[in-house]
Amino acid sequence: MIRRALLLSTALVFGGFLVACSDSGNKQAGAAGAGAGAAQQAAPVGVVALTKDNYPVTTILPGRAEAYQTADIRPQVSGIIREITFREGGEVKKGDVLYQIEDAPYAAAVEQAKAAIAKAEASVPSAQSNFDRYQRLVGSGATQIEYETAKTTLLQAQAEVESARAALASAQIDLDHTKILAPFDGIIDQTAYNIGNVVAANQTTALTTVRQLDPIYISLTESSTNLLRIRDAMAAGDIKDKANVAFRLILENGKEYNQQGKLDMSKQIVSETTGTFIIRVLFPNPDRVILPGMYVRATVELGSEDAYALPQLATSRDANGRLTAQFISGDGKVETRVFENATPSNNSWLVNQGVKDGDQLIVSGLQSIAPGMPVKPVPMKINENGVVVAAEQPAAGDAQKPAAK
């Protein structure tokens, strides 16, 4: 009896301990749930209040750098290369001697042509005197045939002089071509031939190549669809056209080039395979920062538009590729808005539908919210570099990290 009573009392004590633990766990879980609900009700997010303004309409185009001028250097006379006067990869000026071909045979040809001129000129006075005599005696002591023969002889002597002079000019040209000159200022490539090599006139293989790099061309690629959209917007008055389109360049390292370009040519044909067309822009390149073949991106300012600017860091794309952004609705909850039409403007998208003055766009804290969630707005602003900073801080806060998208 004593043992049974002891077991019963132990069971009662142990059961009470389990019930107490269970009640304590339920209370803790309830407290955690209440805390989560409280956190959800007051999730802070950074917002900016939107106002309509005039913004530049820009687009970013990919492109490749191309030399302003390129010349493959080939000989125009045959012979042995006697001298190479340039430094490979160096800078050359227009008229600089690049190669010297052995000129002795061509100099001899010039002297021979000069002698031929002297010989031809020597026969002219005799022919002229004979012609003058028969011209005076024709009809009185000379026949018409003798006169015509004297005239022909004089003309032939004069023609031989002109032929000899032409031969001299040709020989002089060949002699001049033994010096191969730079056609313009530029950078010269390595040589494909060395001293002692024999070259032929107008051969297929180039001796070297000269490229002019200042200024330099940038060939940009634009879609025909985007071109039509911009033209329609300009026709409707949504975009105010600019007389001089501004081109700014972003280099491969992400830095902006310190020179502005100007439109040189637009290829008036669309590729059948890619649906794009080529825009060629001319950029100053005094320090040769840009080299042919470099990949670059150009920011093109096409005009301006009165619209609302949505920072790109606060936007995303849905499954259908439409632009979306998160706003705070009138009841203080997260609201997703979709924008069918948007125009790029530097670090923002310009929209005119689905938004009004004073609407609060969420720009930070986007990873921790969902549509319909109540949030607490914290005023922020976007500086000129597209970085989110506190509203009370100056633009010097550029060192802050941009908000997560």
- Item | Matching residues in segment 155-200 - criterion: being closer than 27 Å to Ala118 by Cα, of a type in the set (Asp, Glu) and open to solvent by less than 70 Å² (accessible area, probe 1.4 Å) | Asp174
- Query: So, of the residues in segment 252-262 that are in a strand (DSSP E or B) and over 13 Å from Gly63 (Cβ atoms), which turns out to be most open to solvent (accessible area, probe 1.4 Å)?
  - Reply: Lys262
- Message: Just the residues that are closer than 30 Å to Ala164 by Cβ, open to solvent by 70 Å² or more (accessible area, probe 1.4 Å) and not basic (Lys, Arg), please, taken from segment 124-151.
- Response: Pro125, Ser126, Gln135, Ile145, Glu146, Glu148, Thr149
- Check Ala150, Ala164, Ala182, Ala159 and return the single one that is without any contact (Cβ under 8 Å) to a residue 12 or more places away in the chain and aliphatic (A, V, I, L, M). Ala159
- Message: Out of the residues in segment 85-111 meeting the condition of being over 13 Å from Gln190 (Cα atoms) and in a loop (DSSP other than H, G, I, E, B), tell me which one is most open to solvent (accessible area, probe 1.4 Å).
- Response: Lys94
- Could you tell me which of the residues Ala182, Ala157, Ala201 is over 30 Å from Phe131 (Cβ atoms) and modelled with pLDDT under 95? Ala201
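The values are calculated or read from the model by the stated rules, or taken from the named source; none is laboratory data. Everything numeric here is computed off the predicted structure, so don't read it as measured data. Note that we place each Cβ from the backbone using ideal geometry, even for glycine, and neighbour counts take in every protein chain shown. SASA here: full protein model, heavy atoms, side chains in, ligands and nucleic acids out. Shrake-Rupley method; radii C 1.70, N 1.55, O 1.52, S 1.80 Å.
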